[in-house]
Structure formats: structure tokens, C-alpha cells
Amino acid sequence: MKTRRGSLPVGAALFLVLLAPATLRAQEARPADSLCTGVLVAQGRPAGPAARRPCQSLALMIVTRRTEGLFAALKDKELPPRDLQSTTLAPSAAGSPAQGDAVPESNPVSLAAGTLSMVGSNAGTNAITTIGINPALFAVDPNDREEVARLSRLMDLSVLVPVSGVDKDRDGKVDYFGLRLRLSMTGLASGSALMRTATDSFRTIVETDAALTLQLRDRLEAMRDPVSCANALLADQADAAAMEKGCDGRVDFTTSPERHEHLAAVLMRAREEADSKYFGLDLRLDIGDPTLGAVAGASGTALFGGLAAGRRYNFSKDGLTTGGLKARLGVRFNQLDLDSSATSFSADGGIGFEMQRPYENQRLSVSTGAEFRVGKGGVYQAQAQTNFLLLRASLAVPMFAGNSVTLNFAAPVAGKSVSPVLTVGMNWGLLLPKPGP
Amino acid sequence: MFKGEIVVGSDVQATFSANHTSSGSAHLLMAVGRFSGGSDADSGTAPPGGSTAVKLDHVAEGVLEILVDMKLESDTGQLEVLVNGKRRDSVAVTGDQRWTYSVEA
């Protein structure tokens, strides 16, 4: 979000061009230059080509040190250690009997994850294995932690396969197979009005620093002995009297701490705003019978594309317990195997509420919600499952590092031949390596 | 932290990549306070595991400051500064950062 303030008018620019010879004179060596360079070197000036105006560099080094304490307003903030972007440790089984959340969201796993789900429905008991990976792992050097970290929030791909009764109808084909793709677009939340306010606040601080630097540069360049002045200003325990003596007069570094406090407050609010939202893409492909035999003739091919979004809020004084709304909406295409002309489109969505509290790299969560599908299935409405309303409730409990257990219950409120489902899932997640020292 | 000098008229780009393990988003702000008055600025936000870049073209004489504001002082990331497309500084950082550059004619 680029902004510009206080640009020179055309007339002023022309005036500066006419004064060019004076500006060029300023680039000539000044008597104080070598002395300022000496202080810069003694103070550990960063490596690089020699400064064109050493006293300007020295002035900024001094201003930076003298104003560093004001930025403590940003460091000393008492931010609640909320885990608003907590690690996802379960692959996506959204829309299948193995679904573990009341309403699935779009945050991907960081590296890889797996779930073994025990499913109870009108079809009896089944087991489904879901494996999820982050494809970015194939595109980057796994030893490049920065690159892995950058891509680990982007997307993941999950595969669902039943491990009990793979071919119950004995037709030589796997009865059910599912693919899920989650793409996170959380970064879109960054361009907020609050960030514009924060940027303006930061500009005011930098403009003040520039004015201080210019004032000090001109003063150092005019001095016979800028070294004494610079050393007095750079001293860790500099006092006003020593600075006044070393600089032949008073040097005023008075800046308003309120500006830095305002900046810290606005940045904190902007972060809360960015972190409390998620937004992403949810793509699903199901081949075979997603009801696992609960509905005769339900085998087919289904494709779903939708968006998922949510927002969280604080629910405790320590900021650790958060609650929020989750929603998703998309379109599902279905073609049944029993009749190639039996195709249907339906709107597929859900809305839910989730309370959660982070526990190390996982979260304890309770959620409830409703999922629906509305469409025209014609005579095959039951097989295509184009019209239903499901109420869901789920509980996720961390077990130990990287492992959790989920319990999900779905009860149909409306819809033909839609089965109630009870799912128990054991989740295992692989975490990114810890940052090095 | 004073990081040195940049020549007037340079194009400056700063990129911050937040570690996946960060506790929250990080803000990246860059501004040039011009000696002639006024300022130019750019800003962005990096979610955990994500990155953001800010850029200012043809910087004027004055002071250039880059600020990274992280949620917690234990959060980490990589801050990189390019000047005219060439890497000037690239450091793995922990906690809030304030880098200053003298933009000199």
C-alpha cells in the first residue's frame, strides 16, 4: 500500500534545478568528512562503499540510537498470545463420511498429515484412511527452511481411501476414492484501512527522524571538532550536560513518544484484524460411492468447487480461547454410474461455530454447524444426494505432540436416504523443523 | 539499527518472510523521510509462513527506515533488502526490527 506525502510542486522542482551548482558543491569534500568517517568506522559502520556524506551517515547513526528507545513501545506491547493461525494437523476429509470438523475450513497442513477414521452409518462400520501432503515440499529444497516455511501455508492435497471393504460389490474396482485440495488465501486480508493508518503514523515518525538527521548533519559538517560532539551523542549513558559541552550547545532530540505508542496500538489492531480471518479455496473429487454402500446406486463421480471463510474472536482474558464463525459455499456436479444421463448440479454449503484453545502445536476444539445441499436430482435425488440438511457436532482433543483424536456426529434433519454418521478419527501431523539458532 | 548508505534515485525493495512457527502476522513498513519535506511509504502484512514485499522507487535524499513489527519478540523470519535489484542485506531476524539507511546524493 504505497503512499506519498508532501511532494514538491513543479515550481519548487524548477527552483532546485536552477540551484544545481550549489547542490554539486555540497558533494565536494568537506573538512569534517574525514572526521565523521573516523567516528563511523570506530562505531562499526556496516560494510559497503564509502559514504558520500559521512556526516549525514553519522547523524543518522546517532538519531537511530537516540530514538531506539521510543520503538520499545512496539516491543513492550502486552499482546495476548492467541493462536489465531494455529497449525492444522489433519488432512481434509471434507464432505466424506470421514469428515472430522462440523464445518471444514481451508487452512492446509504444513508438511504432511494422516487420519484413520472409524465410520458408523446405515452402511455399517467402515474405516477410511486420509493422507494429506503439502505439494510445495516437492518444489523446494527441504533444507531451505525459509522457503519451506513460506510455502507451507499455501495448499495441501489429500487422498481418501476406505481400508475396510475396498471392493464390497466385488466388481474389481475400488468402491470409493476421494481427492481434496485446499488453497489458503489468508494473505488477502493484509490491505486494511488500519494498515493505511499505521503507515501514515510511521511516516510521521520517519519525517521527524529525517528532520533531526538533517539538522544534525549540517551541524556536524559546520563543526571544527565533530568527533567530540558525535562521541557525546553516541555514549550509552549520555547526559544533557555532556552533550551540550561536546556539541558547543544544546542538541534537542525531543520527539513525541505518543507517536510511537499510537503506531504500536494501530499495528496491534491491524494484526488482530488480519489474523482473525481466513479465506480459501476448497476443491473435492469423489469417485465411487461416497455413502459407502448406505444408499444403493449412489456410485458415481462428483466434483465440488467452493470457497471457505471464517472469522475468530477472543473469548477469554488471556486471549487463548477463541471462538468464531466458519462458512463455506460452493457448487457440486454429480454424475451417477447407473445412468450416464443422470447428472445434477447442486449448491453445497455450511455454516458453523467453533470454540478452540491451543495446546502446544494443536488445538482443543468444540464445534457445531449445519451443512446443506440444494439441487435438482430428479428421480435420482436419493442416489445423487442433492437435497439434504445435516446438523453436525464435533470435538477435537490433542493427545500428544502432533497427534489428536476427533469425534464427529452428523444427524440428517431433511433429505432422502441420508444416513446419520458417527466418525472417530485418529490424526497424525508432521510439523516443520524448529528454526535453527 | 543503522545499516549504511543508499544512493539517491535508487529503487529499494524490502521483503519479509515470516516463519511458519510465528504466533501471528508480521507487519513490514518502509518509508523515506525526504530532506526536502514530506515522505513516501509502503507497507504490507505477512501471515505465518507467508511473505510480503514493499518497494519504493527513485528514493529521494533523506532517511529511509524499515520496520518489522512481529506479534511476539520470539517470532522469527527473514528480512531482505534489495537496492536496484541487487541484494543489499539479508538477515534471519528474531523480534521487531528497525533498520535505517542514509539516502545520500
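The values are calculated or read from the model by the stated rules, or taken from the named source; none is laboratory data. What you see is a predicted model; the values in this text were computed from it and never measured. Reconstructed Cβ throughout: ideal geometry from the backbone, glycine too, with neighbour counts over all protein chains shown.
Applying the criterion of at least 2 residues that are under 20 Å from A:Glu273 (Cβ atoms) and facing chain A (nearest Cβ under 9 Å) to the strands (runs of 3 or more DSSP E) found wholly in the range B:39-104 leaves B:39-46, B:51-56, B:62-69.
Residues in the range B:1-13 that are more than 7 Å from every other protein chain (Cβ to nearest Cβ) and touching an Asp or Glu at 6+ places or on another chain (Cβ under 7 Å): B:Val7, B:Val8, B:Asp11. Across the range A:404-412, a minimum of one residue is classified as crowded, with 16+ Cβ neighbours inside 10 Å and modelled with pLDDT under 90.
Here A:Ser417 meets each of (1) out of contact with any helix residue (DSSP H, G or I) (no Cβ under 7 Å at 6 or more places or on another chain); (2) outside any strand (DSSP E or B) with one exception, condition (1). Scanning the range A:216-233 for residues that are closer than 22 Å to B:Val103 by Cα, in contact (Cβ under 8 Å) with a residue 40 or more places away in the chain and surrounded by fewer than 17 Cβ atoms within 10 Å (Cβ to Cβ) returns a single hit, A:Ala222.
Within the range A:76-90, does at least one residue satisfy the condition of being more than 8 Å from every other protein chain (Cβ to nearest Cβ) and at pLDDT 70 or above? Yes, that holds for at least one residue. Using the structure shown, decide if A:Ser346 is of a type outside the set (D, E, K, R), out of contact with any helix residue (DSSP H, G or I) (no Cβ under 7 Å at 6 or more places or on another chain) and over 28 Å from A:Ser184 (Cα atoms). It is false that A:Ser346 is of a type outside the set (D, E, K, R), out of contact with any helix residue (DSSP H, G or I) (no Cβ under 7 Å at 6 or more places or on another chain) and over 28 Å from A:Ser184 (Cα atoms). Of everything listed in (1) facing chain B (nearest Cβ under 9 Å); (2) modelled with pLDDT of 75 or more; (3) touching a strand residue (DSSP E or B) at 6+ places or on another chain (Cβ under 8 Å), the single unmet condition for A:Arg150 is (2). If the condition is being closer than 16 Å to A:Asp209 by Cα and at pLDDT 80 or above, then the range A:235-260 contributes A:Pro257, A:Glu258, A:Arg259, A:His260.
Only a single item in (1) crowded, with 18+ Cβ neighbours inside 10 Å; (2) modelled with pLDDT under 90; (3) aliphatic (A, V, I, L, M) is not met by A:Ala308, and it is number (2). The set of residues in the range B:22-34 that are in a loop (DSSP other than H, G, I, E, B) and either more than 7 Å from chain A (Cβ to nearest Cβ) or out of contact with any Ser or Thr (no Cβ under 8 Å at 6 or more places or on another chain) (or both) comprises B:Ser22, B:Gly24.
Does A:Tyr313 meet the test of being under 22 Å from the mean Cα position of the chain (by Cα), closer than 30 Å to B:Asp69 by Cα, among the aromatic types (Phe, Trp, Tyr) and buried (at least 19 other Cβ atoms within 10 Å of the Cβ)? Against the criterion (under 22 Å from the mean Cα position of the chain (by Cα), closer than 30 Å to B:Asp69 by Cα, among the aromatic types (Phe, Trp, Tyr) and buried (at least 19 other Cβ atoms within 10 Å of the Cβ)), A:Tyr313 does not qualify. For the range A:341-359, taking the residues that are of a type in the set (S, T, N, Q) and under 18 Å from A:Gly375 (Cβ atoms), the one that is farthest from the chain's Cα centre (by Cα) is identified as A:Ser341. Just so you know, in the range A:246-290 the residues that are over 15 Å from the mean Cα position of the chain (by Cα) and among the small types (Gly, Ala, Ser) include one that is farthest from A:Ala235 (Cα to Cα), and it is A:Gly288. Hey, any hits in the range A:345-368 for a residue that's farther than 28 Å from A:Gly114 by Cα, buried (at least 22 other Cβ atoms within 10 Å of the Cβ) and not acidic (Asp, Glu)? Yes - at least one qualifying residue is present in the range A:345-368.
Scanning the range A:47-66 for residues that are within 28 Å of A:Ser201 (Cα to Cα) and either facing chain B (nearest Cβ under 7 Å) or buried (at least 20 other Cβ atoms within 10 Å of the Cβ) (or both) yields A:Cys55, A:Gln56, A:Ser57, A:Leu58, A:Ala59, A:Leu60, A:Met61, A:Ile62, A:Val63, A:Thr64.
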